[in-house]
Amino acid sequence: MSQASRRTFLRGAGAVAASRAFPVLGANDAVNLAVIGTGGRGRGHLGFFSEVPGARIAAICDVNQAARERASAMVRKLQDSAPKEYADMRKLFEDRDIDAVSVATPNHWHALTTIWACQAGKDVYVEKPASHNAFEGEQMVKAARKYKRMVQVGSQSRSIGHKRKAMAMLREGAIGEVYMARGLCFRRRKSIGHTPEEPVPAGLEWGLFLGPAPMRPYSKNRFAYNWHWFWDTGNGDIGNQGVHEMDICRWGLAEYGRPRTISSSGGKFVWKDDQETPNTQQAHFRFDKSEIVFDVRNLPSPNEGGAPLRGSNYVGNIFFGDQGYMVVDPYGFRVFMGDERQKTHEEEPHEDKIWDPRPHMANFVEAVRSRNHYALNADVQIGAAAAELCHLANISYRCGQQLHTDRETGRFVGNGMANEMLSRRYRVPYVVPEEV
């Protein structure tokens with residue numbers, strides 16, 4: 001496709017926005033929501049949003065016919081009305097009855113879906129990580145601001161009570177001056193094995209599934225959940241589960257700029273399978289006055305910092321100050337002070353509040369009504385910044401060297417190979433535009 005043709009296509013993607021004014025919701029109007037991507041997480045969105053006051057599931061979109069049928073049946077059971085069904089999100093964005101979309105696609109679709117939705121006048125709730133690469137995050141922020149859209153990233157820790165309180169206590173000096181955050185992503189996973197290339201299953205639009213990614217033959221491991229472990233479509237566990245803890249690291253340190261240096265190492269140990277991303281990864285980010293040390297392990301791992309270990313997984317954060325340290329995880333937070341590590345504060349949330357995303361979704365719906373993006377607990381700028389750190393770690397890991405950043409531009413100093421990885425080669429016509 002020529003540059004002129006590409007510009008024509010990109011202008012077409014925003015044609016709905018250019019041709020009409022965006023709708024304004026009345027005080028009693030339900031927010032008509034479409035869920036894009038109705039796999040496991042997407043069906044979770046259907047269930048949770050159906051319980052959020054003021055939200056109505058009006059449509060579903062998925063490239064897989066079987067997934068659409070399951071989701072449609074689920075919606076009919078949840079709210080006693082049938083949703084509209086779409087296979088191609090571009091048709092959905094033309095629907096003037098849809099106010100907002102909830103995006104639970106694979107990572108490589110997050111940015112383009114969000115940008116197209118903003119251009120079409122839709123507000124967006126998009127799952128983490130916000131983007132598949134650093135360039136995409138920047139473009140998502142630009143689109144949200146240009147089209148005055150509410151874009152919330154699914155970093156639900158930002159709406160969980162005990163984590164909000166823990167971060168407030170850090171700001172108030174609960175452990176003195178905070179100089180380091182340690183992120184822990186210990187998710188026990190198993191080898192995905194090998195699956196052969198085979199014909200695309202009936203009802204699956206494989207080309208639409210791949211979208212911006214290179215065309216590859218279909219195999220089971222590149223579809224369903226295991227797309228996380230291929231660089232074309234996922235970001236490994238640091239960008240899957242780890243981005244939650246990365247966001248909390250930034251939040252607790254109040255580090256809102258880019259790091260000066262990044263280094264990451266690790267590997268895929270023990271397993272002999274199709275997975276491309278590491279199952280063990282360490283990353284270090286150096287800022288002016290603090291640092292983040294991050295650890296991802298999918299193999300058996302201990303807990304750290306006096307935190308409870310429940311089952312085979314542990315995810316959480318440890319913040320180090322000059323007077324003590326704080327451990328924060330889904331099950332609460334604990335403060336230890338002095339050289340004796342005396343526990344001086346402990347809080348545990350009610351069990352049903354540990355993973356609940358409904359307050360985060362309700363915060364999004366409220367912002368859709370108020371038209372105030374500052375009211376979002378995880379505005380796209382917050383989510384994009386957390387994802388960027390994960391991307392920087394992956395670039396360092398893949399290059400095999402420490403990287404130095406130009407903190408104004410986000411480019412790496414003197415490293416062309418690393419700079420290439422800040423974006424990707426998009427498969428036309430699924431191109432994240434330079435101008436949104």
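The GluC sites (Glu not before Pro) of the stretch 96-172 that meet both conditions, a loop assignment by DSSP and at most 16 other Cβ atoms within 10 Å of the site Cβ, are GLU172. Comparing MET417, SER157, GLY236 along the charge dipole axis of the chain, the residue lying farthest to the positive side is MET417, per the Cβ-charge model. Inverting the pair-averaged 1/r between distinct Cα atoms of the stretch 298-436 gives 19.4 Å as its Kirkwood hydrodynamic radius.
Pairs LYS190/LYS289; LYS77/LYS165; LYS91/LYS190; LYS84/LYS128: which exceed 32 Å Cα-Cα? Listed pairs above 32 Å: LYS190/LYS289; LYS77/LYS165; LYS91/LYS190.
For a test of the definition: using alpha carbon positions, the gyration tensor, and the 1.5 limit on a/c, classify the stretch 376-436 as rounded, prolate or oblate.
Oblate is the answer for the stretch 376-436, as a/c is 1.5 or above yet b/c matches or exceeds a/b.
Projecting label points 7 angstrom from Cα along Cα→Cβ for ARG407 and LYS91 puts them 5.0 nm apart. Remark on VAL151: its backbone amide H falls under 5 Å from those of VAL124, VAL380, a criterion applied only to residues 5 or more positions apart or on other chains, H modelled at 1.01 Å from N.
Take every DSSP beta bridge whose two residues both sit in the chain; close to 60 percent of them are antiparallel. Once you reduce the stretch 269-320 and the stretch 332-369 to the center of their Cα atoms, the two points are 20 Å from each other. Please give the helix 40-49 orientation as an angle from the longest Cα principal axis of the chain, in degrees from 0 to 90, rounded to the nearest 10. Helix 40-49 sits roughly 90 degrees off the main axis of the chain. As a proxy for reagent exposure, VAL431, VAL141 were ordered by neighbouring Cβ count within 10 angstrom, fewest first; the result is VAL431, VAL141. If a spin label sat at a point 7 angstrom from the Cα of GLU177 along the line to its beta carbon, the backbone N atoms of the stretch 278-311 nearer than 16 Å would be those of 287-291. Using Cα atoms only, what is the angle between the long axis of helix 3-13 and the major principal axis of the chain, expressed in degrees (0 to 90) to the nearest 10? With rounding to tens, the tilt is 90 degrees.
Between SER312 and GLU340, what FRET efficiency comes out of the Förster formula 1/(1 + (r/R0)^6) with R0 = 35 Å and r the beta carbon distance, rounded to 0.05? Kindly include the intermediate steps, with their values, before the conclusion.
On the way: r = 31 Å, r/R0 = 0.90.
Approximately 0.65, to the nearest 0.05.
For the chain, what does the equivalent ellipsoid look like in terms of its semi-axes, each the square root of 5 times an eigenvalue of the Cα gyration tensor, given largest first in whole Å? If you can, show how the numbers build up before the last one.
Numbers: eigenvalues 227, 133, 99 Å².
Largest first, the chain gives 34, 26, 22 Å.
Going by the alpha-carbon gyration tensor, a ≥ b ≥ c the square roots of its eigenvalues, is the stretch 239-359 rounded (a/c under 1.5) or, if a/c is not under 1.5, prolate (a/b greater than b/c) versus oblate? The shape class here is oblate. Here the simple spin-label model places points 7 Å from the Cα toward Cβ, and for SER370 and ALA168 these points are separated by 1.5 nm. For LYS122, go through the aspartates and glutamates and keep the ones whose alpha-carbon is under 14 Å away, minus same-chain ones fewer than eight residues off. Filter leaves GLU94, ASP95, ASP97, ASP99.
A short reminder: the numbers here are calculations on the coordinates, not readings from a lab. None of these values were measured; they are calculated from a predicted model. Neighbour counts are summed over all protein chains in view; Cβ atoms, including those assigned to glycine, are modelled from backbone coordinates with ideal geometry.
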